[in-house]
Amino acid sequence: MSYREEVELVPRNGHILIVLIVARISGCANQKELSLEDQVDHAKEVAQEYYGGEIDFRIISTKGKGERLDRPELLDIEERLEANEFDLMIFEDIGRLVRGAAAHTMCGTAVDNGTRVISPNDDFDTNDSDWESKVMDACKEHMKHNEHTSRRIKQKKMNRFKKYGAATPCPIAGYIKPDGAETFSDWSKDADAAEYIKEGLQTLRRTLNGEAVAEYFNEVGFSPGPYCRKKQWDGKMVLRFYRNPILKGLPARGTMHTTKKHKTGRRTSTRNPKGPTYREEPHLAFFCPDEIDPVLEALEKKNAHFKRKKKTNGVDSRYQVPKKRTRAFGQHATCYYCGHRYVWGANGITDSLMCSNSRSWHCWNSIGFNGPKAARKLLGVTLESLSSLEGIDAQYQEILQQAQSGGPEKLRTRENKLNRVEDEIERESEKIKKLIREIDGADPNLLYEMMSELSERKKKLSLDRVAFELAKKRQLNLPKSTLELKEILQYHLEDIDIHSHEFGDLIRELVPEIHVYLVRRVSGGHLLPRAMLRLNLAGSIPDAASIPELQQLLSRKITLDLFEPTQRELIRPEAVKLAATGLDQREIASQLECNPTQTAVSNALKLHRQMLEKGLTNPYIFLDEPPGDYKKLRRHNNQKYSFQAKSGYQRPPL
């Protein structure tokens, strides 16, 4: 079949036609990568029908759902189209690019930048006057196909569940699903697990505590199940297990359903407002409803006050907010000892944060700190640091001039590095091909792993190439002086709400590193959290990341106390000065502004003597391990405790 049209293709550069081929498969179990090769070969045939000269094919071949709009290759394609890189873009059908109306926008971007788009299977060519209506028709057909297929599969599986007990899920702990089992009738209870499950319910009835049951299950060696990611039970897993209606002989389907997020094209699992559909399977029941339902009701009543409160209109305050988007410090501050993030809700206190690893008994640092107070302190320190910008304006200007004058040379260095990486990938690819030809019994899994790794490196190289081409065509967008940078930061910081997600996002840019560790006064007392910060005043300026010298100039390490010092610590410096003049403690107390008592002055002077005895200039000492004389910190003494640092984590120098 010939695709040649009357309008002839003319290369931008006058001699080589640059053609982008987009190929995609969803990555489902029944799909093979050979399909990607078929799509690429088809596109090459089409291009050669249109143009008889030399062609440079640039291929983007990926696995991913067509509805997803946040696939990185789509951003890659759009940026390269806007950079006028291609003469022609080809894909078998519009669904290979994206399923949805966004495909029309991307084709429009191509046309605006002089790139012709052809889809042979959807029979459209952007050189035709009616290409837009054809693209919209194709998008409509592909979306309709997705919707109809989804409804058909859901209805079919629900019908089989109701009629035969088919469409069964993966079995949970306590159940046996034989190979080839198609219905719940083929399932059976694990007789060995019955004793543990029943004893666990008795423990749950007595304690109303999932952790107590988890300890029992782990102690007796009752496995969480073959499909569970965790190998040990915890309290949350236990409560999910006993809430499963299959334990009452009522397997359910339709508890959750998927909803599409149109901004990204993702489908997320949410609770079905219509509720699940149940089926009676008495042979799978460990308990009758009268036996387990009262326990679950008691648990619900006991834990009701822990639930997040609704707003006055009944809407959850975290509705449609990503879990990773939190207030400042949440999932950002890092435990110095184990490397895991801090999370909200420390020791049952809503506005406090603690090490998430400590919650699971794998870190001894269970000391929390108040998040809003820490945020106010950090905001003050950041605003105070802006005053130091005025003294480094000359250095700032010099670095900017060097970056602009040395731009071409840096670009050449960057391009040479990309070329070396590309040559290295080609050499390794040839080695793998030679290995395949010469060794008949080569391990296919090993070859697949090697090829997959090579494919990932090629994909990264392609993205780096795009970034390089964009860098060649634009000027860096940076403040022209430190005064302008200061004004930008003050504008963002001065009126911001420290409780807002926007403040949290800004702090993650300005303070990329926060390591929290513990200190203690030389005189003893409570353990206190202190943070080591790396403040980067250029963190919110995206283009500053491309100039390491600028990053270094505008970065500084800061120590921030996440606690309020006691009175004796506040008055110590002034009390020591007055004591040196010969005044007694009562006279010192009368001259200090905060009007302390004589006892407070005595404690301040005693603290200073203890510092001198130990050769310290600061009243706090760093704690590398839990102190033996602090009775409130007992987590490391629990039998469940085992210290486990984050994989690959190394403690930074303080």
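The values are calculated or read from the model by the stated rules, or taken from the named source; none is laboratory data. Quick caveat: nothing in here was measured; it's all calculated off a predicted structure. Here Cβ is always computed from backbone atoms with ideal geometry, including for glycine, and neighbour counts include all displayed protein chains.
Could you figure out which of (1) loosely packed, with under 15 Cβ neighbours inside 10 Å; (2) without any contact (Cβ under 8 Å) to a residue 24 or more places away in the chain isn't true of Leu592?
Leu592 satisfies every listed condition except (1).
Tally up the residues in the range 627-654 that are of a type outside the set (A, V, I, L, M, F, W, C), under 31 Å from the mean Cα position of the chain (by Cα) and in a loop (DSSP other than H, G, I, E, B), please. I'd like the intermediate steps shown before the answer.
Restricting attention to the range 627-654, the residues satisfying the condition of being of a type outside the set (A, V, I, L, M, F, W, C) are 627-632, 634-642, 644, 646-653.
Next, only the ones that are under 31 Å from the mean Cα position of the chain (by Cα) stay: 635-636, 640-642, 644, 646-653.
From what is left, the residues that are in a loop (DSSP other than H, G, I, E, B) are 640-642, 644, 646-653.
Selection size over the range 627-654: 12.
Does Lys248 satisfy the criteria of being closer than 23 Å to Ser185 by Cβ and in contact (Cβ under 8 Å) with a residue 40 or more places away in the chain? Before the answer, list the steps.
Details: closer than 23 Å to Ser185 by Cβ: yes; in contact (Cβ under 8 Å) with a residue 40 or more places away in the chain: yes.
The answer is yes for Lys248.
Residues are listed down the side, and each one gets a yes or a no for (1) over 24 Å from His305 (Cα atoms); (2) outside any loop (DSSP other than H, G, I, E, B); (3) in contact (Cβ under 8 Å) with a residue 24 or more places away in the chain:
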residue	(1), (2), (3)
Ser366	no, no, yes
Ala375	yes, yes, yes
Thr382	yes, yes, yes
Ala394	yes, yes, no
Glu398	yes, yes, no
Thr413	yes, yes, no
Lys417	yes, yes, no
Arg420	yes, yes, no
Arg427	yes, yes, no
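Report yes if some residue within the range 203-214 is of a type outside the set (A, V, I, L, M) and more than 22 Å from Leu296 (Cβ to Cβ); otherwise report no.
Among the residues of the range 203-214, not one is of a type outside the set (A, V, I, L, M) and more than 22 Å from Leu296 (Cβ to Cβ), which makes the answer no.
Among the residues of the range 559-578, which ones are of a type in the set (D, E, K, R), outside any loop (DSSP other than H, G, I, E, B) and more than 32 Å from the chain's Cα centre (by Cα)?
Residues satisfying the conditions are Arg568, Glu569, Arg572, Glu574, Lys577.
How many residues does the range 357-382 hold that are surrounded by fewer than 17 Cβ atoms within 10 Å (Cβ to Cβ) and either at pLDDT below 90 or among the hydroxyl-bearing types (Ser, Thr, Tyr) (or both)?
Total satisfying the criteria: 1.
Checking the condition free of Cβ contacts under 8 Å to residues at least 60 places away in the same chain and among the hydroxyl-bearing types (Ser, Thr, Tyr), which residue from Ser185, Ser133 passes?
Numbers: Ser185 fails: free of Cβ contacts under 8 Å to residues at least 60 places away in the same chain.
Of the residues listed, the single one that is free of Cβ contacts under 8 Å to residues at least 60 places away in the same chain and among the hydroxyl-bearing types (Ser, Thr, Tyr) is Ser133.
May I ask you to verify whether Leu518 is assigned to a helix (DSSP H, G or I) and either touching a residue at least 40 places away in the same chain (Cβ under 8 Å) or not acidic (Asp, Glu) (or both)?
Working: assigned to a helix (DSSP H, G or I): no; either touching a residue at least 40 places away in the same chain (Cβ under 8 Å) or not acidic (Asp, Glu) (or both): yes.
So Leu518 does not fit the description; no.
Select, from His262, His283, His257, the only residue that is within 28 Å of Gln320 (Cβ to Cβ) and either at pLDDT below 90 or over 28 Å from the mean Cα position of the chain (by Cα) (or both). Before the answer, list the steps.
Working: His283 fails: within 28 Å of Gln320 (Cβ to Cβ); His257 fails: either at pLDDT below 90 or over 28 Å from the mean Cα position of the chain (by Cα) (or both).
Only one candidate qualifies: His262.
Do you know which residues across the range 525-558 are under 26 Å from the mean Cα position of the chain (by Cα), in a helix (DSSP H, G or I) and in contact (Cβ under 8 Å) with a residue 24 or more places away in the chain?
If the condition is that a residue be under 26 Å from the mean Cα position of the chain (by Cα), in a helix (DSSP H, G or I) and in contact (Cβ under 8 Å) with a residue 24 or more places away in the chain, then Pro542, Asp543, Ala544, Ser546 are the ones that fit.
Could you please give the count of residues in the range 256-285 that are surrounded by 14 or more Cβ atoms within 10 Å (Cβ to Cβ), over 30 Å from Glu73 (Cα atoms) and either out of contact with any strand residue (DSSP E or B) (no Cβ under 7 Å at 6 or more places or on another chain) or assigned by TED's automatic domain parsing to the domain that holds Gly64 (or both)?
Of the residues in the range 256-285, 3 are surrounded by 14 or more Cβ atoms within 10 Å (Cβ to Cβ), over 30 Å from Glu73 (Cα atoms) and either out of contact with any strand residue (DSSP E or B) (no Cβ under 7 Å at 6 or more places or on another chain) or assigned by TED's automatic domain parsing to the domain that holds Gly64 (or both).
From the list Ala103, Ala110, Ala23, exactly one residue is part of a helix (DSSP H, G or I) and either within 17 Å of Lys140 (Cα to Cα) or touching a residue at least 60 places away in the same chain (Cβ under 8 Å) (or both). Which is it? If you could, list the steps in order and put the result at the bottom.
Working: Ala110 fails: either within 17 Å of Lys140 (Cα to Cα) or touching a residue at least 60 places away in the same chain (Cβ under 8 Å) (or both); Ala23 fails: part of a helix (DSSP H, G or I).
Only one candidate qualifies: Ala103.
Every residue, every condition in (1) charged (D, E, K, R); (2) in contact with a strand residue (DSSP E or B) (Cβ under 9 Å, 6 or more places away or on another chain); (3) surrounded by fewer than 18 Cβ atoms within 10 Å (Cβ to Cβ); (4) at pLDDT 85 or above, yes or no:
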position: Tyr448; (1), (2), (3), (4): no, no, yes, no
position: Glu456; (1), (2), (3), (4): yes, no, yes, no
position: Leu463; (1), (2), (3), (4): no, no, yes, no
position: Phe468; (1), (2), (3), (4): no, no, yes, no
position: Leu485; (1), (2), (3), (4): no, no, no, yes
position: His499; (1), (2), (3), (4): no, no, yes, yes
position: Leu537; (1), (2), (3), (4): no, yes, no, yes
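Mind listing just one residue for me: the one in the range 229-253 that is aliphatic (A, V, I, L, M) and farther than 17 Å from Glu199 by Cα and, of those, surrounded by the most Cβ atoms within 10 Å (Cβ to Cβ)?
Of all residues in the range 229-253, those aliphatic (A, V, I, L, M) come to 237-239, 246-247, 250, 252.
Still in the list and also farther than 17 Å from Glu199 by Cα: 246, 250, 252.
Values: Ile246: 22, Leu250: 17, Ala252: 15.
Per the criteria, the residue is Ile246.
Filter the range 286-302 down to the residues that are in contact (Cβ under 8 Å) with a residue 40 or more places away in the chain and within 34 Å of the chain's Cα centre (by Cα), then identify the one that is farthest from Lys154 (Cα to Cα).
Lys302
For the subset of the range 539-588 comprising residues that are within 30 Å of Gln401 (Cα to Cα) and among the small types (Gly, Ala, Ser), which member is modelled with the lowest pLDDT? Step through it out loud before you land on a result.
Filtering the range 539-588 for residues within 30 Å of Gln401 (Cα to Cα) gives 539-558.
From the residues that got through so far, the ones that are among the small types (Gly, Ala, Ser) too are 539-540, 544-546, 555.
On the way: Gly539: 85, Ser540: 85, Ala544: 79, Ala545: 74, Ser546: 71, Ser555: 91.
The selected residue is Ser546.
Quick check on the range 546-557. Is at least one of its residues within 30 Å of Lys631 (Cα to Cα), among the small types (Gly, Ala, Ser) and touching a Leu at 6+ places or on another chain (Cβ under 9 Å)? Reasoning before the result, please.
As a first pass, look at the range 546-557 and keep what is within 30 Å of Lys631 (Cα to Cα): none.
Scanning the range 546-557 turns up no residue that is within 30 Å of Lys631 (Cα to Cα), among the small types (Gly, Ala, Ser) and touching a Leu at 6+ places or on another chain (Cβ under 9 Å).
If the Cβ limit is 7 Å and pairs must be 6+ apart or interchain, which residue in the range 167-182 that is without any contact (Cβ under 8 Å) to a residue 40 or more places away in the chain pairs with which residue that is surrounded by fewer than 17 Cβ atoms within 10 Å (Cβ to Cβ) and in a strand (DSSP E or B)?
From residues that are without any contact (Cβ under 8 Å) to a residue 40 or more places away in the chain, the pairs are Ile176/Ser188.
Restricting attention to the range 37-93, report how many residues are at pLDDT below 95, touching a Lys or Arg at 6+ places or on another chain (Cβ under 8 Å), in a strand (DSSP E or B) and closer than 27 Å to Thr264 by Cβ.
Qualifying residue count, the range 37-93: 3.
For Asn347, which of the numbered conditions (1) touching a residue at least 40 places away in the same chain (Cβ under 8 Å); (2) more than 29 Å from Asp190 (Cβ to Cβ) fails to hold?
(1)
Find all pairs meeting these conditions: Cβ atoms under 6 angstrom apart; at least six residues apart or on different chains; first residue within the range 631-654 and among the small types (Gly, Ala, Ser); second residue at pLDDT 90 or above.
Correct list of pairs: Ala645/Cys338; Ala645/Gly339.
So in the range 265-280, with the set limited to residues that are more than 30 Å from the chain's Cα centre (by Cα) and in a loop (DSSP other than H, G, I, E, B), which one is farthest from Ala166 (Cα to Cα)? Walk me through it before giving the result.
So in the range 265-280, the residues more than 30 Å from the chain's Cα centre (by Cα) come out as 274-280.
Now restrict to residues that are in a loop (DSSP other than H, G, I, E, B): 274-276, 279-280.
Values: Lys274: 21, Gly275: 19, Pro276: 15, Arg279: 10, Glu280: 13 Å.
Filtering first and then ranking leaves Lys274.
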